[in-house]
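Below is one structure, written out as structure tokens; the observations come after it.
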Amino acid sequence: MKMWKNMWWAVLIAAITIIYIIILIILIHRFVRSTYSVLDVKSLSSQSFDLHFDGIGIKPGETYEYDVKLKPDVEGDFRVTLKFEVKKSTGLEQYMKFGVDLDKNSTVFEDSFKEVLRKEEVAFDVVLTSHETTIITLVFSMPKDVENEAMGKTIDFTMNMTIEGK
């Protein structure tokens, strides 16, 4: 009988440990929302790729970041163009902000996401150094002061990023 008591305690401790690990993973995922994509810039010619964002349901005070790491084999001045195409929206974009940071320390673009989608395109210049990584961070956020009007709203869109030598 004593063996069964010890076994149940071991099972209970293991279950609690697993629950804590799951909670920790959820919290890390909730607070660290960066995804990485590596784009190797091998020449001054144009390179392009698409990112698909489905069902983004950001809440007031939240920020989503998407990092694109550029690792060029060449150096020079490049033009980065972001083109947006909305697939489906319930109006979330009117409450969101969009920004672009370089190497996590300088903002090269910032505007309301609604205005970005109206323009359909964002362009900026970047100087790349050969064999050094440059990180372009796409920042999607919603100010804390947005009230319940944004609750339950989502947006699906595609963003095309093109990098061209100047």
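Within segment 115-134, is there a residue that is charged (D, E, K, R) and within 14 Å of Thr63 (Cβ to Cβ)?
The answer is no, given that none of the residues of segment 115-134 is charged (D, E, K, R) and within 14 Å of Thr63 (Cβ to Cβ).
Restricting attention to segment 55-67, and to residues there that are assigned to a strand (DSSP E or B) and under 12 Å from the mean Cα position of the chain (by Cα), which single residue is surrounded by the fewest Cβ atoms within 10 Å (Cβ to Cβ)?
By that ranking, first place goes to Thr63.
Here are the criteria: (1) more than 12 Å from Gln94 (Cα to Cα); (2) among the acidic types (Asp, Glu); (3) surrounded by 14 or more Cβ atoms within 10 Å (Cβ to Cβ). Tell me which single one Asp111 does not satisfy.
Only one criterion is unmet by Asp111, namely (1).
So Arg30 passes all but one of these: (1) at pLDDT 60 or above; (2) at negative phi. Which condition number does it fail?
Condition not satisfied by Arg30: (1).
If only one of Val126, Val86, Val122 is surrounded by 16 or more Cβ atoms within 10 Å (Cβ to Cβ) and under 18 Å from the mean Cα position of the chain (by Cα), which one is it?
Just a single option satisfies the conditions, and that option is Val122.
Say we look at segment 143-166 and pick out the residues that are in contact with a Ser or Thr (Cβ under 8 Å, 6 or more places away or on another chain) and under 23 Å from Thr63 (Cβ atoms); which of these is surrounded by the most Cβ atoms within 10 Å (Cβ to Cβ)?
Applying the filter and picking the extreme gives Ile155.
Six or more apart or on different chains, Cβ atoms under 7 Å: show the pairs whose first residue is in segment 71-89 and farther than 30 Å from Gly152 by Cβ and whose second is of a type in the set (Gly, Ala, Ser) and at pLDDT 85 or above.
Here the result reads Arg79/Ala123; Val80/Ala123; Thr81/Ala123, each pair linking segment 71-89 to a residue that is of a type in the set (Gly, Ala, Ser) and at pLDDT 85 or above.
Of (1) small (Gly, Ala, Ser); (2) within 23 Å of Asp54 (Cα to Cα); (3) modelled with pLDDT under 90, Gly165 satisfies all except one. Which?
Single failed check for Gly165: (2).
With the checklist (1) modelled with pLDDT under 85; (2) on the phi < 0 side of the Ramachandran plot in hand, flag the one item Met96 doesn't pass.
(1)
For Leu51, indicate whether it is modelled with pLDDT of 70 or more and either of a type in the set (Phe, Trp, Tyr) or more than 17 Å from Thr162 (Cα to Cα) (or both).
no
Could you tell me which numbered condition Ile18 fails, if it satisfies all but one of (1) at pLDDT 70 or above; (2) assigned by TED's automatic domain parsing to the domain that holds Ile155?
Ile18 satisfies every listed condition except (2).
How about segment 69-93: which of its residues are under 15 Å from Thr137 (Cβ atoms) and at pLDDT below 85?
Lys69, Leu70
The values are calculated or read from the model by the stated rules, or taken from the named source; none is laboratory data. Keep in mind that this is a model prediction, so the values were computed, not measured. Reconstructed Cβ throughout: ideal geometry from the backbone, glycine too, with neighbour counts over all protein chains shown.
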